[in-house]
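Colleague: Let me give you the structure first, and then I'll get to my questions.
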Amino acid sequence: MNFIACDGAWSAGASGEPLCSGTLVSITGEEIREAVNPGLTDEDAITLTDAAIGLFATVFCFLVLKKVL
């Protein structure tokens with residue numbers, strides 16, 4: 001699906017019609033999706049995995065120490 005975007009600012013005309021102060025550009029839905037949600041990079045995924053494992057280990061150690069003491 002294609003969408004129309006404005007590389008300037010949108011405004012409303014006298015009768016409510018949309019006006020573009022720049023140039024109208026056609027973009028695809030995939031381009032919008034990538035701009036809004038670019039996804040995780042490999043580095044972000046590794047950082048997130050390390051943080052989750054660290055949190056799990058911390059909670060596990062806390063529960064073990066609580067039971068022992």
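Every number here is computed from the coordinates shown, using simple stated rules; none is lab data. Note that the structure is predicted; figures quoted are calculated from it, not measured. Using ideal geometry, Cβ is built from the backbone for each residue, glycine included, and neighbour counts are taken over all protein chains shown.
Colleague: For q values of 0.15, 0.28 Å⁻¹, compute log₁₀ I(q)/I(0) with the Debye formula on a Cα-only model of the chain, without solvent.
Modeller: Scattering profile of the chain, log10 relative to I(0): -0.71, -1.12.
Colleague: Only sites in a loop by DSSP and with at most 14 other Cβ atoms within 10 Å count here; which trypsin sites (Lys or Arg not before Pro) in the chain make the cut?
Modeller: Nothing satisfies the criteria.
Colleague: Using only DSSP helix segments of four residues or longer, with each worth -39500 (n - 2.57), what per-residue ellipticity at 222 nm results for the chain after dividing by its residue count and rounding to 500?
Modeller: Value at 222 nm, helices only: -17000 deg cm²/dmol.
Colleague: So for the chain, taking the charge dipole from beta-carbon charges (+1 Lys/Arg, -1 Asp/Glu), which of ALA14, ILE46, MET1 sits furthest toward the positive end?
Modeller: Of the listed residues, the answer is ILE46.
Colleague: Let me ask something else. Give me the dipole magnitude in Debye, nearest 20, for the chain about the Cα centre, with unit charges on the beta carbon: positive for Lys and Arg, negative for Asp and Glu.
Modeller: Taking the Cα centre of the chain as origin, the dipole is about 600 debye.
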